[in-house]
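K.L.:
Before anything else, here's the structure in question.
The values are calculated or read from the model by the stated rules, or taken from the named source; none is laboratory data. Remember, predicted model here, so these are calculated numbers, not experimental data. All Cβ positions, glycine included, derive from the backbone under ideal geometry; neighbour counts span all protein chains shown. Surface accessibility is based on the protein's heavy atoms, side chains included, excluding ligands, DNA and RNA. Shrake-Rupley method; radii C 1.70, N 1.55, O 1.52, S 1.80 Å.
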Amino acid sequence: MLLYEQIRKNKVKTVFIVTGFVLFVLLVGAAISYVNYGDAIPGLIFTPIFSLFYVGIVIMSSTNIVMKMNRAQEVTSVEEHRFLWHTVENMAMVARIPMPRVFIINDSSPNAFATGLKPEKAAVAVTTGLLERLSREEVEGVIAHEVAHIKNYDVRLSTVTLALVSVIAIMSDIGSRMLFFRSISGGRRDQNQNPIFLIIGLVLLVLAPLIAMLINMAISRNREFLADASGAELTRNPDALASALEKIANVETPVEQASSASAPLYFSDPLKKKVSGLFSTHPDPVERISRLRQM
C-alpha cells in the first residue's frame, strides 16, 4: 500500500505545484503591466499568448537536440547491445508503452536519462559506466525509473516548466527595461496605482526569475520521487533501484558531457554539485534510498 500511496501523493502534489506555477506566470505578467502602466489587464492578456508561443517553439525541438548535446550514440539493433536492448524492451512492455529509442553515452560515470515529449517519440540513454559498474538487476531498476518518466510524461512536463522559467526571465527583463526607460525619460506614475500593489509588483519584477527557478526545481524533485515509486512498481524490486542509486551517488566523477540544461533529466545529479534543498534539481539520495527501502 505504501508504494501506491507514494505514487498517488506525488501525482497530487505535482498538480498543485504546476497549477501554482501557471498562476505565478500570470501574476508576474500582471505585475509587470501594473508597474509600468497602472493596469494589470494587458499583462493577463499578453502573458498566456506569449507563453503558449514560446512553449510551442521549445517543444518542437527536443529529443535529437538533447542526445546531440550529451553526445549519445543510438543503438539501432539488438545485436549492438543485447542486454540493454532487451532490458529497455521488457520494461517498456511492462509499462505498456512503445519501446523507446536506445542510446549509449561513452562515459565512465554511471547515470542515465530519458527524453521525448510522448511515449511514441521517447528515448532512453545510459552511460557505459552504468552498464559496467552496476549489476543486471540494478541496471534494470534504473531503466525502469527512466521508463516510468516516459510513462508519466515527466519529460514533457519538465520541458514545459523549463520553458515557463525562460518566459518569466524574458518578461522580467523586458519589464525592468521598460521601467528603466520610463524613469529616465521622465514618465510619471499613474496616480491611480495603489502603493501596496506597486511595491508588490516591483518585488515580483526583481524576484520572479529566482522564484520560477525554485518552483521548477520543486517539480523536478517531486517527479524523481514519483519515478522511483513507479519504477519500483514495474520491477517489483525496489531494493535493486535503491542499491543502484546508492552506487551512483557514491561516485564522485561527474558525467563529462552533461550540461546544466540537461542535468535535471538524469537519474542522479550528473554534475555532482552536492547541492541539497531548494536549489537542487534532484532529491537527497539518502531520502530517495530510504523511501525505496521502506517499500
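A quick yes/no check of all residues on (1) at pLDDT 95 or above; (2) within 30 Å of T19 (Cα to Cα):
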position	(1), (2)
S108	no, no
G116	no, yes
E120	no, yes
E137	yes, no
I143	yes, yes
D154	no, yes
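K.L.:
Within the stretch 183-192, is there a residue that is basic (K, R) and either at pLDDT 85 or above or in contact with a strand residue (DSSP E or B) (Cβ under 6 Å, 6 or more places away or on another chain) (or both)? Talk me through it step by step, then tell me what you get.
P.N.:
Residues of the stretch 183-192 basic (K, R): 188-189.
Cutting the leftovers down to either at pLDDT 85 or above or in contact with a strand residue (DSSP E or B) (Cβ under 6 Å, 6 or more places away or on another chain) (or both) gives us none.
Looking through the stretch 183-192, none of the residues is basic (K, R) and either at pLDDT 85 or above or in contact with a strand residue (DSSP E or B) (Cβ under 6 Å, 6 or more places away or on another chain) (or both).
K.L.:
Okay, moving on. Can you find a residue in the stretch 254-274 that is within 26 Å of V15 (Cβ to Cβ) and of a type in the set (D, E)?
P.N.:
Pass one, the stretch 254-274, residues within 26 Å of V15 (Cβ to Cβ): 261-269.
Those left that are additionally of a type in the set (D, E): 269.
Yes, the stretch 254-274 contains a residue that is within 26 Å of V15 (Cβ to Cβ) and of a type in the set (D, E).
K.L.:
Regarding the stretch 44-52, can at least one residue be identified that is in contact with a helix residue (DSSP H, G or I) (Cβ under 8 Å, 6 or more places away or on another chain), of a type in the set (F, W, Y) and open to solvent by less than 10 Å² (accessible area, probe 1.4 Å)? Before the answer, list the steps.
P.N.:
Our first condition is that a residue be in contact with a helix residue (DSSP H, G or I) (Cβ under 8 Å, 6 or more places away or on another chain); within the stretch 44-52, this holds for 44, 46-48, 50-51.
Next, from what is left, pick out any that are of a type in the set (F, W, Y): 46, 50.
Keeping just the survivors that are open to solvent by less than 10 Å² (accessible area, probe 1.4 Å) gives none.
No, the stretch 44-52 has no match at all.
K.L.:
Just to be sure, is L134 in contact with a helix residue (DSSP H, G or I) (Cβ under 6 Å, 6 or more places away or on another chain) and within 16 Å of H81 (Cα to Cα)?
P.N.:
Details: in contact with a helix residue (DSSP H, G or I) (Cβ under 6 Å, 6 or more places away or on another chain): yes; within 16 Å of H81 (Cα to Cα): yes.
In short, yes.
K.L.:
So, restricting to strands (runs of 3 or more DSSP E) that lie completely within the stretch 60-159, which ones have at least 2 residues that are open to solvent by less than 10 Å² (accessible area, probe 1.4 Å)? Talk me through it step by step, then tell me what you get.
P.N.:
On the way: elements: 72-75, 101-105, 112-115, 123-127.
The strands (runs of 3 or more DSSP E) meeting that bar are 101-105, 112-115, 123-127.
K.L.:
Same structure again: Name, by its number, the condition in (1) under 24 Å from A144 (Cβ atoms); (2) assigned to a loop (DSSP other than H, G, I, E, B) that does not hold for K273.
P.N.:
(1)
K.L.:
Among the residues of the stretch 239-263, what is the count of those that are touching a residue at least 12 places away in the same chain (Cβ under 8 Å), open to solvent by 10 Å² or more (accessible area, probe 1.4 Å) and out of contact with any Asp or Glu (no Cβ under 8 Å at 6 or more places or on another chain)?
P.N.:
Selection size over the stretch 239-263: 10.
K.L.:
Before we move on, is M178 within 17 Å of the chain's Cα centre (by Cα) and assigned to a helix (DSSP H, G or I)?
P.N.:
Working: within 17 Å of the chain's Cα centre (by Cα): no; assigned to a helix (DSSP H, G or I): yes.
No, not satisfied.
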